[in-house]
């Protein structure tokens, strides 16, 4: 989803609402992780070789990256709620809880070694992973088409400045020092592993 979708001019969007631009950038990063997770899952279903370490690594990435991202989205929603009442905002909070629980369940299941599981169990888990990927992508799309449009109409430059400061605090409290860079590096490493197994 491009910034053009939200206001016609990427420069104007970023200039007026840098906080929203950061959320969109994080959506692209999550989409990349979801694509890698989907690729690994589909390869495994086709019986192609897959380094099984990619599954817990990608789910760990999503858990850690998403923790700070969801907090940022919730901060934006709290600013919107001050000016606008919308059922969409409540739905978003419910989706966040559902996604968090789904991810926690997948991480728990993947504490077991996929390679030691029987084929039917692996297929079931991969089905769950692909379901999570679809759910997460649908959420990203809804945020893009609903929440960010609400934010563009409800927030002002002062809100944007405050949100940017709050985003820094969120990252400082949810990520280890250098954690964002480490997480992005982890995605690069998984991408290399998946590319080398083609």
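Determine, yes or no, whether residue 100 is in a helix (DSSP H, G or I), free of Cβ contacts under 8 Å to residues at least 40 places away in the same chain and over 11 Å from the mean Cα position of the chain (by Cα). Break it down into steps so the answer makes sense when it comes.
Values: in a helix (DSSP H, G or I): yes; free of Cβ contacts under 8 Å to residues at least 40 places away in the same chain: yes; over 11 Å from the mean Cα position of the chain (by Cα): no.
Here the answer is no, as residue 100 does not meet what is asked.
For the range 157-166, state whether one or more residues are within 18 Å of the chain's Cα centre (by Cα) and either assigned to a helix (DSSP H, G or I) or buried (at least 16 other Cβ atoms within 10 Å of the Cβ) (or both). Reasoning before the result, please.
Step one: filter the range 157-166 for residues within 18 Å of the chain's Cα centre (by Cα), giving none.
No, the range 157-166 contains no residue that is within 18 Å of the chain's Cα centre (by Cα) and either assigned to a helix (DSSP H, G or I) or buried (at least 16 other Cβ atoms within 10 Å of the Cβ) (or both).
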Residue check, residue 84 within 22 Å of residue 71 (Cβ to Cβ), touching a residue at least 40 places away in the same chain (Cβ under 8 Å) and outside any helix (DSSP H, G or I): yes
Count of the range 108-131 residues which are touching a residue at least 40 places away in the same chain (Cβ under 8 Å) and in a helix (DSSP H, G or I): 7
Within the range 167-188, tally of residues that are assigned to a helix (DSSP H, G or I) and closer than 27 Å to residue 81 by Cα: 8
Residue pairs meeting the criteria (Cβ under 6 Å; at least 6 apart or on separate chains; first on the phi > 0 side of the Ramachandran plot, in the range 164-182; second assigned to a helix (DSSP H, G or I) and loosely packed, with under 13 Cβ neighbours inside 10 Å): none
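Is it the case, given these coordinates, that residue 135 is surrounded by 14 or more Cβ atoms within 10 Å (Cβ to Cβ) and within 20 Å of the chain's Cα centre (by Cα)?
Criteria met by residue 135.
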Residues of the range 22-50 satisfying the condition of being surrounded by 14 or more Cβ atoms within 10 Å (Cβ to Cβ) and not in a helix (DSSP H, G or I): 50
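Only the coordinates and a few stated rules stand behind these numbers; no lab work does. The shown structure was predicted, so the numbers you read here are calculated from the model rather than taken from an experiment. With ideal geometry, Cβ positions are generated from the backbone for all residues, glycine too; neighbour counts draw on all protein chains shown.
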